[in-house]
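Presented below is the structure to which this report refers.
The values are calculated or read from the model by the stated rules, or taken from the named source; none is laboratory data. As the structure is a prediction and not an experimental result, all values here were calculated from the model. A quick note on method: Cβ atoms are made from the backbone with ideal geometry, for glycine too, and the neighbour counts reach across all protein chains shown. Side chains included, ligands, DNA and RNA excluded: accessible areas come from the protein's heavy atoms. Shrake-Rupley method; radii C 1.70, N 1.55, O 1.52, S 1.80 Å.
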Amino acid sequence: LLDAYKDPKLPGAEYDVWPLAPLPFAILGAILIARLWYVVPGRKPADPTAEALAQRARLLALLHKVQRVTLGAYAALAGAASVLTLILPQHIARELAGHGLPPAAIVQSQLHAGVRLGLAMVALAAAFSPRPPKALVRAVMVATIACIVGPMFSALTGGVAWTELAALKSGLWLDGVVAAVLLGTSVARATVTALPEPR
């Protein structure tokens, strides 16, 4: 290996690849030992049905936790931004867009913030549930997608200039990440619950 990577122009360059050489063997060893980690001589093999049910329950619990954390984080971030926009719309616009808003845009900004505040409250209610209800998760997911599609559609049709969306950029990214996580966990949750019962 050292001979193969020798470079007469760069003495010692062959040693850059040397630390990487054991990695494939370490990964292979980790995979092999992981299969034997809990094996104790004389222990009876676990009941495959009980183990499969326990694994399904653990996976569902993990999916619920991811949904709860996502919904809680969204409720905190979107709720705080919405409250600030409702109370101080001009100040928030100056901070995010770099300029103040005309009177009609203030009303629109506060209406949008009110809608997001309501959505944040729904997300907060779902986040405090041990198993977030599927209907609430789907409602938040659809609403966040609508929060992205609405401004984009307005910009595409010429109703709003693209430069005016700069103030919404961080909120749109937040909505996109939340929608993607909720969509992925909802699909995984439906897949796990639809699996046939082990026999």
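Measuring from label point to label point, each 7 Å out along Cα→Cβ, what is the Ala13 to Lys134 span in nm?
Inter-label distance under the simple model: 5.9 nm.
For Ile33 and Ala52 in one chain, what is 0.36 nm times their gap in residues minus the Cα-Cα distance, to one decimal in nm?
Working: separation 19, 0.36 × 19 = 6.84 nm, distance 2.12 nm.
Length difference between fully extended and current span is 4.7 nm.
Provide the packing ranking of 175-188, 81-94, i.e. peptides ordered by the mean count of other C-beta atoms within 10 Å per residue, highest first. Numbers along the way, then the final one.
On the way: 175-188: 17.9, 81-94: 16.3.
My ranking of the peptides, most packed first, is 175-188, 81-94.
For Cα extents along the principal axes in Å, several values are listed as [x] 74, 65, 29; [y] 82, 35, 26; [z] 49, 40, 36; flag the one computed from this structure.
[x]
Ignoring any ligand, DNA or RNA, what whole percent of the accessible area of the chain comes from carbon and sulfur when the probe is 1.4 angstrom? Before the final figure, lay out each step's value.
Working: 9700 of 13500 Å².
Accessible surface attributable to carbon and sulfur in the chain totals 72 percent.
For Val122 and His99 in one chain, what is 0.36 nm times their gap in residues minus the Cα-Cα distance, to one decimal in nm? List each step's numbers first, then the result.
Details: separation 23, 0.36 × 23 = 8.28 nm, distance 3.15 nm.
Gain on extension, Val122 to His99, equals 5.1 nm.
Debye calculation, C-alpha points only, no solvent: report log10 I(q)/I(0) for region 1-40 at q = 0.20, 0.25 Å⁻¹, in the same order as the q values.
Taken in order of the listed q values, log10 I(q)/I(0) reads -0.64, -0.79.
For region 101-163, what is the accessible area per residue in Å², given a 1.4 Å probe and the full set of protein chains?
Ligands and nucleic acids excluded, the result is 59 Å² per residue.
Please report, to one decimal in angstroms, the Kirkwood hydrodynamic radius of region 76-131 built from all distinct Cα-Cα pairs. If you can, show how the numbers build up before the last one.
Working: mean 1/r = 0.0844 Å⁻¹.
Over region 76-131, the inverse of the mean reciprocal pair distance is 11.9 Å.
Considering the alpha-carbon set of region 49-88 alone, what are its Rg and its Dmax in angstrom?
Cα radius of gyration and Dmax of region 49-88 are 17.2, 58 Å respectively.
Treating only the Cβ atoms of Lys and Arg (+1) and Asp and Glu (-1) as charged, compute the dipole magnitude of the chain about its Cα centre; round to the nearest 20 debye.
Working: 17 positive and 10 negative charges, 167 e Å.
Dipole magnitude for the chain comes out near 800 debye.
At 7 Å along Cα-to-Cβ for each site, give me the label-to-label distance between Leu60 and Trp162 in nm.
Once both label points are built, they end up 4.7 nm from each other.
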